[in-house]
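A short worksheet on the structure shown next.
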Amino acid sequence: MRKRVLITGAAGFLGSHLCDRFIKEGFHVMGIDNLITGSLENIEHLFKLEQFEFYHHDVTKFVHVPGNLDYILHFASPASPIDYLKIPIQTLKVGSLGTHNLLGLAKEKNARILIASTSEVYGDPLVHPQTEDYFGNVNTIGPRGVYDEAKRFQESITMAYHRFHGLETRIVRIFNTYGPRMRLNDGRVIPAFMGQALRGEDLTIFGDGLQTRSFCYVDDQIEGIYRLLMSDYALPVNIGNDDEITIKEFAEEIIKLTGTDQKIVYKELPIDDPMQRKPDISLAKKILGWEAKVSRSEGMKRTYAYFKSLTKEQLHKSEHKDFSKHIVK
Ligand code: UDP
């Protein structure tokens with residue numbers, strides 16, 4: 001009998017890579033997505049497999065799946081600042097109500113559940129690099145608050161289910177992750193720069209570009225998540241690459257990689273944009289024997305190959321996705 005796993009956000013960037021990984025590991029995979037920000041193109045190749053099922057469903061509504069379940073991975077959520085601005089209520093609901101529903105399902109099925117949390121729980125951090133025991137510096141009412149606070153609530157309710165109901169829970173704090181299948185128009189820095197370079201537009205840096213990020217290639221991220229799920233560690237664990245770079249240096253690397261002769265232009269820094277971010281991954285190293293393996297130059301080469309393979313039409317559909325038709329009041 002195959003082990004059975006439910007993955008929410010299955011048509012999204014990380015969700016679809018998780019589906020691939022669990023199929024490869026011999027699981028029966030059930031994917032759920034409401035397709036607000038996800039795209040079926042990311043999982044099209046799995047539909048022919050009998051060990052894959054897909055449910056078009058919004059996890060903020062009651063979730064039921066037939067049969068037994070061994071694992072649940074909750075990866076449904078908008079994950080870019082532009083998306084939070086467009087769908088703030090849905091962002092709050094999927095992290096709170098959605099998580100509650102999935103914890104309930106995990107309890108009902110006696111399944112182990114892993115929750116996708118984020119470095120955003122640290123907000124604009126005053127501690128650098130960020131260790132798991134840092135409580136964060138988050139603006140609850142700013143534009144990013146809908147994501148940050150939903151994720152913080154998500155961690156609380158997950159620990160409550162763990163402590164009160166004895167549920168087997170895992171919490172991964174995901175730092176900036178990139179790779180093939182990122183949505184070109186999601187507003188995040190890597191698809192933004194890639195799209196601009198490929199369309200022959202100037203690269204837009206927000207602020208002075210001295211803010212830092214640490215970018216993790218998707219294969220490394222998925223490996224870390226997989227190991228955490230299979231571990232016996234219930235407290236949050238940072239998974240990310242600790243190779244830190246300023247956004248300005250990063251833009252210069254992308255100009256070199258793509259060979260574009262466009263220049264850099266500067267735009268206003270979005271509200272509450274964190275000035276620095278880099279995971280302390282000592283805990284992941286210690287308990288999972290995990291660290292990122294793929295260098296930024298290698299990861300960006302693979303990512304560029306993906307964006308280059310998109311059609312002209314996809315590349316020029318640069319306006320943000322219209323979410324309004326999906327929104328259920
Ligand atoms: N950023 C930028 N130009 C863009 C998009 C983003 O300079 O076209 C900056 C953004 O302000 C932030 C960094 O790049 O400082 C990473 O942004 P992203 O949205 O990818 O992730 P997050 O802020 O959540 O780390």
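The values are calculated or read from the model by the stated rules, or taken from the named source; none is laboratory data. It should be emphasised that the depicted structure is a prediction, and the values quoted were computed from it without experimental measurement. Cβ sites come from the backbone with ideal geometry, for glycine too, and all protein chains shown count toward neighbours.
A few points about this structure:
- Members of the stretch 232-245 that are in contact with a helix residue (DSSP H, G or I) (Cβ under 6 Å, 6 or more places away or on another chain) and among the small types (Gly, Ala, Ser): ALA234
- A search for C-beta distances below 9 Å between a residue of the stretch 243-272 that is within 21 Å of TYR304 (Cβ to Cβ) and part of a loop (DSSP other than H, G, I, E, B) and any residue that is within 12 Å of the ligand (Cβ to nearest atom) and basic (Lys, Arg), counting only pairs 6+ apart in sequence or on different chains, returns ASP243/LYS278.
- The set of residues in the stretch 96-146 that are more than 15 Å from the ligand (Cβ to nearest atom) and surrounded by 23 or more Cβ atoms within 10 Å (Cβ to Cβ) comprises GLY98, THR99, LEU102, LEU103, ALA106, ILE113, LEU114, ILE115.
- Subset of the stretch 266-285 that is surrounded by fewer than 21 Cβ atoms within 10 Å (Cβ to Cβ), more than 19 Å from PRO81 (Cβ to Cβ) and of a type outside the set (S, T, N, Q) - its residue that is farthest from the ligand (Cβ to nearest atom): LYS285
- The one condition in (1) out of contact with any helix residue (DSSP H, G or I) (no Cβ under 7 Å at 6 or more places or on another chain); (2) at pLDDT 95 or above that LEU46 fails to fulfil: (1)
- In the stretch 172-208, the residues that are in contact with a strand residue (DSSP E or B) (Cβ under 6 Å, 6 or more places away or on another chain) and closer than 18 Å to LYS267 by Cα: ILE190, PHE193, GLN196, ASP202, LEU203, THR204, ILE205, PHE206
- Residue pairs meeting the criteria (Cβ under 7 Å; at least 6 apart or on separate chains; first without any contact (Cβ under 8 Å) to a residue 60 or more places away in the chain, in the stretch 302-317; second assigned to a helix (DSSP H, G or I)): none
- Some residue of the stretch 36-43 being surrounded by 14 or more Cβ atoms within 10 Å (Cβ to Cβ), modelled with pLDDT of 95 or more and within 16 Å of the ligand (Cβ to nearest atom): yes
- Count of the stretch 207-227 residues which are within 12 Å of the ligand (Cβ to nearest atom), at negative phi, out of contact with any Pro (no Cβ under 8 Å at 6 or more places or on another chain) and outside any strand (DSSP E or B): 3
- Between ALA234, ALA292, the distinction of being surrounded by fewer than 17 Cβ atoms within 10 Å (Cβ to Cβ) and away from the ligand (no atom under 12 Å from the Cβ) belongs to ALA234 only.
- Taken over the stretch 147-179, residues that are touching a Ser or Thr at 6+ places or on another chain (Cβ under 6 Å), assigned to a loop (DSSP other than H, G, I, E, B) and more than 12 Å from the ligand (Cβ to nearest atom) amount to 1.
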